[in-house]
Amino acid sequence: MHPLGRRAFVGGLGAAVALPGLAGRARAAPRGRRGGIVVGLSQEPTVFNPLFPHIEVDDGLLMNLFSPLWSIDETGQFVPELAADIPTPDNGGISEDGTFWRIRLRADVAWHDGAPFSAEDVRFTLGLLHDPDFPAYSRAGHELVADVTVVSPTEITWRMKESSASYLSQLANMFVVPAHLLAREHNWSASAFSQQPVGTGPFRWGSRVPGDQITLLANARYYRPEEPHVETLIFKYIPDQTALFTQFEVGAIDYLGMQGIAPDRYREALALPAGRRIEIAPAAAAGVVALNLGRPQFQDLAVRQALYLALDKEEIISILLEGLPHVSESYVPRESFWFNPDLPAHRHDPAQARAVLDAAGWVAGRDGIRSRDGVRLEFGNSSTSGDPLRQQIQQVMQAQWKTIGAAMTLHDAPPAITWGSRWTHSQFDSALVEIDFMVGSDPECSLHFDSHQSVARGGVGSNVFQYASTVADELMVAGMHEQDRMKRREIYRKIQAVIRHDLPVLPLYQRSSIEGVKSALVGYKSNINVRSNCWNIRSWYWA
């Protein structure tokens, strides 16, 4: 623990259990719709086709516009959405060997434009995820689907080339899109649907003011007629987190989620006037320093090890982050059944970091920066502009790495730029970022770590690190197919150990979001199994 306070610590460098909320109150939801909800975000949603590559901030919008076959609730249970029930071997939905699936669909679902939803829409969506010309968010698991047959408007079947233990979770994250609007679409980047999407979710598209806000309207055709309970849902974009907090403080924002309240404002938030409630929400997202292994300076494991040794992450958490996030060595949250508790603990040892670099042949030049074979140990670090706390963390890392002969510069930009195509195409050196590597509550992580899931290497996926490990690839395939729960846990514990050893990301902490909700807004529930606590806004209402 650093003996100085937070401000002294930063200046010297030159620069979770959920709280009880209203969700547990025994209240009957109101009849009819009343009012609206304003959600405050510091990053702007910019992806409106749910099958495109997108980040967490887009999820809060997409899960209110679209529906999956089933969703996952705060207890980790699957809940039928477009499907009439969850397929299992007992109800005939999945064969005993896991290779034949039969999905029964609801008959009372309509698209926002009034067209009926049917099994053809599911078939079409699965087909897009097989189409090599479609810019899919992920094909993981879906590439195993074959022989898709529309039996009737409310029934669809398919065969799996191999069984997949994680496919139920992957389908919970697959939003179905309308065949009648997209079947003839080819120019995906210029698609009208991508600007004014049509879904089956509780809210329909209203309007967008780029750089400001997106307004959704209650869907009168929603298949749960008692929901939603409000007329409008507004996603308000305020990139400056100080201004965003002020808007929540004065009441212009009803729910402040996602990036939420910065840890350095936590105590200030607790002292807000009555009518505000502060929630500490454990999240599956891991705070990491992402490294682009396509860059020559990061291809040497010794460099990655040295950077991790020189990083005093425990001090960053205790001083800058108010001790709120948990120190973590894994991409899996500690609350998960799949978590590996035996990973080696991080230690801060700059002297050992210098020794590791010396042994690997990285020699300091006259300016103190090391190099080897013409490659200097210097690199940029990207994150979100307008976030002073992240910039302070970057400055701390910059100072700590300078002591071992590594030079880091800050390349921050607005979220749409930092986490847009530059990110998906690995056009960065390193980044300070929070990522949910899981698939719901499932530990399947091939989207981020499989060598074939890198766009920069010609694949489709989110392996922006360009990480390639034959051992990890083989383990991820084995984990996807293993049906025995205990054996599967051992596989994913090994995967966590391999990633911790290889360090394609430098793990910092397991995120705990500090979120603000107006006390009169009933229904908020933190859900560690999804990437946004906007997951059940359809159930929120004003008391």
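No value in this document is a laboratory result; all are computed from the given coordinates. It should be emphasised that the depicted structure is a prediction, and the values quoted were computed from it without experimental measurement. Cβ atoms come from the backbone with ideal geometry, glycine included; neighbour counts cover every protein chain shown.
Compute, for the chain, the length of the dipole vector about the Cα centre, with Cβ point charges of +1 (Lys, Arg) and -1 (Asp, Glu) only. Units Debye, rounded to 20.
Working: 50 positive and 60 negative charges, 201 e Å.
Dipole magnitude for the chain comes out near 960 debye.
Looking at the stretch 30-70, which trypsin sites (Lys or Arg not before Pro) are in a loop (DSSP not H, G, I, E or B) and have at most 12 other Cβ atoms within 10 Å?
31, 34
Using +1 on the beta carbon of Lys and Arg, -1 on that of Asp and Glu, and nothing else charged, what's the dipole of the stretch 284-512 about the Cα centre, debye to 20?
On the way: 22 positive and 27 negative charges, 68 e Å.
Dipole about the Cα centre, nearest 20: 320 debye.
Post the alpha-carbon centroid distance, the stretch 147-206 to the stretch 314-381, in whole angstrom.
After rounding, the separation between the Cα centres reads 41 Å.
With θ set to phi - 60° and the Karplus curve 6.51 cos²θ - 1.76 cosθ + 1.60, what are the ³J(HN,Hα) couplings of the stretch 78-93 in order, to the nearest whole Hz, using x for Gly and Pro?
Each residue of the stretch 78-93 in turn: 7, 10, x, 10, 6, 7, 6, 7, 8, x, 9, x, 5, 9, x, x Hz.
If I compute semi-axes √(5λ) of the Cα gyration tensor in Å from the structure I just sent, which labelled value in [x] 41, 31, 21; [y] 41, 25, 24; [z] 38, 29, 21 lines up?
This structure yields the entry labelled [z].
Please tell me which of these pairs span more than 29 angstrom C-alpha to C-alpha: 236/402; 236/525; 161/525?
In this structure, 236/402; 161/525 exceed 29 Å between Cα atoms.
Would you work out which of 410, 463, 325 lies farthest towards the positive end of the dipole of the stretch 284-512? Charges go on Cβ: Lys and Arg +1, Asp and Glu -1.
About the Cα centre, the residue reaching furthest to the positive side is 410.
Under the Karplus relation 6.51 cos²θ - 1.76 cosθ + 1.60, θ = phi - 60°, what is the ordered set of whole-Hz ³J(HN,Hα) values for the stretch 457-464, x standing for Gly and Pro?
9, x, x, 10, x, 10, 7, 6
Work from the charge dipole of the stretch 68-181 (Cβ charges, +1 for Lys and Arg, -1 for Asp and Glu, about the Cα centre) and give the residue of 118, 78, 151 farthest towards its positive end.
Of the listed residues, the answer is 151.
Report, by chain and number, residues whose modeled amide H sits under 5 Å from the one on residue 85, excluding near sequence neighbours (fewer than 5 apart, same chain).
104
How far is the Cα center of the stretch 484-543 from the Cα center of the stretch 209-272, in Å?
When both Cα centres are located, 19 Å separates them.
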